[in-house]
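What follows is a single structure, written as structure tokens, with notes after it.
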Amino acid sequence: MVAQPWTLLCSLLLSFLAWTTDGFTHQLQVVSKNAIRMASSTEIASNDSSPTGDNGMLKISVALTREQGKNNKLQKALDEHQGIEMMPMSLNAMEMPCIEHAPGDDQSTLVDILSTDKIQEYDYVVITSPEAARVLAASIQESTADRLGDDVQVAAVGKATAKTLEKLGLSVDFVPSQATGETLASELPPIGDNNNNDGPTRILYPASAKAKNDIQEGLMARNTNDTVIFEFTRLNTYDTVSATFNDEQLSLIDDIDVVCFGSPSSVTAWLDNVDRARGFTELSDEEKRMMGPDGNGNVLAACIGTTSARACLESGRWHAADIYYPKVDPGVENWAWSTAQAVGDVVERKFWEESYAD
């Protein structure tokens, strides 16, 4: 078959994207020897399930899975992504929230601490997500205090969380060099002198009930038999629960090409909804893993960072090469790059499918 002009442009563009994103390609060696790709972004449109856009071009559909109303930053990054604009296709990005937030068992305890002098017993409040930042700010408003204690410092896991805290009127005293719990735990400076004469540094950690224990474990590992450097109090102030798709959303699953995951919880929720849509709910986990791409809805996964990418891989329902994520600096901008790389690969696959069909 003679290649049409748009297919030649597509091939050149994909080669360019592969070259420019080569430094981002990453391998999850902790989990698998197979490479999990990292890359790109997308543009957001309406919930339209037709195979082509209004201009008759190939249409690629992308699902945005953060909570309702919290996909705007990724949408903006995709709208402005030059690589997406150059591709010979129409991008249809739709909001399909996979998670919802609910109050945690310890949210009232946080309010009580903030309402009394107990907050002064802590040296740091550690915040590891924008949602945890919002819960902290809401708890301050709900308490009898109008701010954190004068001597209490705030540590944020990364730039996005720090920016949310600052927008909510809370100053940030520490951000680690990499936006991971492990790095925060290894780099957080103790309060007081090097000899620990002021006693241990006390940490208050208001977090999701599903948050890992990596920060606590990392800080406790810095203690020795002779010296307690850190003391740690965790409060499960909110929980992340799976959102159940309505009938319209379930019907759209078969039209999605790429799904953007911002947390392991959203990965789990997507798979739960795929199971409902395709009648897999009675199958065992092993039977679902044996299905290959059919078991995930035949979608590529574009993840915000390593944790979500690992959740996709460990589910057993994606091939490693179908998972895209930023190697460094997880956040919306690089998440958009990861999505764009996935979109480019979908365009390439569909081009060759069309070529062989002809």
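Its residue count N sets the reference 2.2 N^0.38 Å, and the alpha-carbon radius of gyration of region 237-358 equals 1.09 times that reference. Put a plus charge on the Cβ of each Lys and Arg, a minus charge on the Cβ of each Asp and Glu, and nothing anywhere else: the dipole of region 51-147 about its Cα centre is then about 440 debye. The listed peptides 78-89, 122-133, ordered by packing as a protection proxy, come out as 122-133, 78-89 (highest mean of other Cβ atoms within 10 Å first).
The packing ranking, built from the mean of other Cβ atoms within 10 Å per residue, places the peptides 110-119, 91-100 in the order 91-100, 110-119, highest first.
Once you order the gyration tensor axes a ≥ b ≥ c over the Cα atoms, which shape class does region 91-189 get: rounded for a/c under 1.5, otherwise prolate or oblate by comparing a/b with b/c?
Verdict is oblate for region 91-189.
Distance between the 7 Å Cα→Cβ label points at residue 166 and residue 86: 3.2 nm. Charge dipole (Cα centre; +1 on Lys/Arg Cβ, -1 on Asp/Glu Cβ; no other charges) of region 256-358 amounts to roughly 240 debye.
Readers should treat all values here as calculations from the given coordinates under stated rules, not as data from a laboratory. Because the structure is a prediction, the values reported are computed rather than measured. Methodologically, a virtual Cβ is constructed for each residue, glycine included, from the backbone with ideal geometry; neighbour enumeration extends over all protein chains shown.
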